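Asks: The structure follows.
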């Protein structure tokens, strides 16, 4: 009579390789900080949170192949993201939470500090919002008599190549806020951060129109990709 075997006949399951990879990624993040990570590694860490039981490295690579940069992935249109196999609402929701968090971090304080101290923050805030837009937007930054920020409006949306400016609407909003001056900011989806002849003409006309009500244009910024063109710094706003 044969002696019964006491060892289990069930196969031993190996730990998936990606679990060790995840542990190493988290360790790198905590020890060396986020700046030590590449775009692909940052994206992997995000996907790990939304997809806890799957190797997400191939998916991170797929996203970067389609959108090129980490920033483009975060800004990607929800419809475009949904067309990618493996991307569900949990991933999209997390990406949009990160996008909203970045907006909140970049949003300038409107209750304290002068425009001169917050100039870089205003540029970063508007560039974050506008550099990825596929249509032109006009942002208006309203300033009080002490050059402090009152508020920032996403005032008008246009087409891929132009935006309609209605001076009376801008004046009405400025008067309601008690603004003394304002900064115009608009984007060029073409990627060229230089004013067109039409940009210069409309800025001059609006400046003259607002001056009759005692409101001036402090600057007009044009944003394209990661470039910013200031009409004030080039003496194109009087």
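The values are calculated or read from the model by the stated rules, or taken from the named source; none is laboratory data. Bear in mind the structure is a predicted one, so any value in this text is a computation, not a measurement. Note that we place each Cβ from the backbone using ideal geometry, even for glycine, and neighbour counts take in every protein chain shown.
Asks: So residue 225 ticks every box in (1) surrounded by 14 or more Cβ atoms within 10 Å (Cβ to Cβ); (2) modelled with pLDDT of 90 or more; (3) at positive phi but one. Which box is left unticked?
Replies: Of (1) surrounded by 14 or more Cβ atoms within 10 Å (Cβ to Cβ); (2) modelled with pLDDT of 90 or more; (3) at positive phi, only one is false for residue 225: (2).
Asks: Next question, about the same structure. Test residue 200 against the criterion of being over 27 Å from the mean Cα position of the chain (by Cα) and surrounded by fewer than 18 Cβ atoms within 10 Å (Cβ to Cβ), and give yes or no.
Replies: No.
Asks: Follow-up. Which one of these is more than 23 Å from residue 151 (Cα to Cα) and surrounded by fewer than 20 Cβ atoms within 10 Å (Cβ to Cβ): 178, 214, 191?
Replies: 191
Asks: Among the residues of the range 62-75, is there at least one that is assigned to a helix (DSSP H, G or I), modelled with pLDDT of 90 or more and over 19 Å from the mean Cα position of the chain (by Cα)?
Replies: Yes, that holds for at least one residue.
Asks: Could you check the range 76-112 and list, in sequence order, the residues that are under 21 Å from residue 141 (Cα atoms) and either modelled with pLDDT of 90 or more or touching a strand residue (DSSP E or B) at 6+ places or on another chain (Cβ under 7 Å) (or both)?
Replies: 108, 110
Asks: Now, a different point. Would you confirm, using the coordinates I've provided, whether residue 60 is touching a helix residue (DSSP H, G or I) at 6+ places or on another chain (Cβ under 8 Å) and touching a residue at least 24 places away in the same chain (Cβ under 8 Å)?
Replies: Here the answer is no, as residue 60 does not meet what is asked.
Asks: A follow-up question, please. Can you tell me which residues in the range 1-60 are part of a loop (DSSP other than H, G, I, E, B), more than 22 Å from residue 92 (Cα to Cα) and modelled with pLDDT of 80 or more? Before you say what the answer is, go through the steps one by one.
Replies: Let us first name the residues in the range 1-60 that are part of a loop (DSSP other than H, G, I, E, B), namely 1-16, 33, 37-38, 51-56.
Pick out the ones that are also more than 22 Å from residue 92 (Cα to Cα) and you get 1-16, 33.
Listed by number, the list holds a single entry, 33.
Asks: If you go through the range 157-176 one residue at a time, do you hit one that is under 21 Å from residue 101 (Cα atoms), touching a helix residue (DSSP H, G or I) at 6+ places or on another chain (Cβ under 8 Å) and at pLDDT below 85?
Replies: no
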